[in-house]
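**Q** Shown below is the structure under consideration.
The values are calculated or read from the model by the stated rules, or taken from the named source; none is laboratory data. Everything numeric here is computed off the predicted structure, so don't read it as measured data. Here the Cβ positions follow ideal geometry from the backbone for every residue, glycine too, while neighbour counts run over all protein chains shown.
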């Protein structure tokens, strides 16, 4: 029997993973969601790998200590490329990572010209190159990494608008390559999909991993034997390692599906980051 009252933990360096939370909420409306945004470490694309691993493991273990969950989603492409082995070694529950949607994008493309829009760290990872070799070897693949675009997505949520002139300028190198399909290789980017589409009107398909991740979550929870750690009421809890992002309460109270079931609960957590690179225990929760 599948878990009828699951609780799922998602985490990202900021608010980008809310795009994954939306997809999960659509398929599991009664699931409790705990969202942990490490905005004190934002953006992960500018950190060294060992720093990303340390912060992610500490945040996940602290969150699970307070809110036991049935499954963890690494709702960040950059983190998924480096932290999954460490988390899977330390946790007894399933851990799902985000994979750039190269395979479905290649299946959609008619011109065989793909764009990959991600953080600099993701576009440079050998993992992305292996996905391209396996699923898009017959395609011309144009890669664009931009931390600034991630910041614009965060600002867009805070201010309820996106600087579309800056978006167009950032995308200019990718637009010159004339891809017909673009992979959104950062979970922040679906949040500004409309602005991206206006900047590159020639793109027929914008492909992200949200629904594929949600289907995988549903599958893994269905394979579990117990009733789960959740309340069955669709509670949404949001945690941030710095001050809550400006405008997040307004945004969550609007059209965001991840927070729609019940009024969102927003808290702050401080991480006591060790001076060395070892993974230690996290700090104290602040109510």
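**Q** Just checking, how many residues over segment 113-131 are crowded, with 21+ Cβ neighbours inside 10 Å and more than 19 Å from residue 79 (Cβ to Cβ)?
**A** Within segment 113-131, residues that are crowded, with 21+ Cβ neighbours inside 10 Å and more than 19 Å from residue 79 (Cβ to Cβ) number 2.
**Q** Also: So for segment 201-218 (the condition being part of a loop (DSSP other than H, G, I, E, B), in contact with a strand residue (DSSP E or B) (Cβ under 6 Å, 6 or more places away or on another chain) and more than 27 Å from residue 146 (Cβ to Cβ)), does at least one residue qualify?
**A** No: segment 201-218 contains no residue that is part of a loop (DSSP other than H, G, I, E, B), in contact with a strand residue (DSSP E or B) (Cβ under 6 Å, 6 or more places away or on another chain) and more than 27 Å from residue 146 (Cβ to Cβ).
**Q** Can you tell me which of 90, 27, 66 is surrounded by fewer than 24 Cβ atoms within 10 Å (Cβ to Cβ) and farther than 19 Å from residue 235 by Cβ?
**A** 90
**Q** So, one more: Can you tell me which residue within segment 107-149, out of those that are in contact (Cβ under 8 Å) with a residue 60 or more places away in the chain, assigned to a helix (DSSP H, G or I) and in contact with a strand residue (DSSP E or B) (Cβ under 9 Å, 6 or more places away or on another chain), is farthest from residue 83 (Cα to Cα)?
**A** Within segment 107-149, the subset in contact (Cβ under 8 Å) with a residue 60 or more places away in the chain is 108-111, 113-123, 145, 147.
Filter again for assigned to a helix (DSSP H, G or I), leaving 108, 120-123, 147.
In the following step, the residues that additionally are in contact with a strand residue (DSSP E or B) (Cβ under 9 Å, 6 or more places away or on another chain) were identified as 108, 120-123.
On the way: 108: 30, 120: 17, 121: 13, 122: 13, 123: 16 Å.
In this case the residue turns out to be 108.
**Q** Please enumerate the residues belonging to segment 150-165 that are surrounded by fewer than 17 Cβ atoms within 10 Å (Cβ to Cβ) and touching a residue at least 12 places away in the same chain (Cβ under 8 Å).
**A** Scanning segment 150-165 gives 151, 158, 159, 160, 164.
**Q** On to the next question. Within segment 187-245, track down each residue that is more than 22 Å from the chain's Cα centre (by Cα), buried (at least 18 other Cβ atoms within 10 Å of the Cβ) and modelled with pLDDT of 95 or more.
**A** Listed by number, the residues that qualify are 199, 200, 203.
**Q** Kindly provide the set of residues from segment 67-105 that are closer than 15 Å to residue 141 by Cβ and in contact (Cβ under 8 Å) with a residue 40 or more places away in the chain, ordered by number.
**A** Initially, segment 67-105 is screened for residues closer than 15 Å to residue 141 by Cβ, giving 100-105.
100, 101, 102, 104, 105, listed by residue number.
Residues checked against (1) within 17 Å of residue 239 (Cβ to Cβ); (2) touching a helix residue (DSSP H, G or I) at 6+ places or on another chain (Cβ under 9 Å); (3) surrounded by fewer than 21 Cβ atoms within 10 Å (Cβ to Cβ):
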site	(1), (2), (3)
8	yes, yes, no
15	yes, yes, no
20	yes, yes, no
32	yes, no, no
40	yes, yes, yes
44	yes, yes, no
48	no, no, yes
52	no, yes, no
55	yes, yes, no
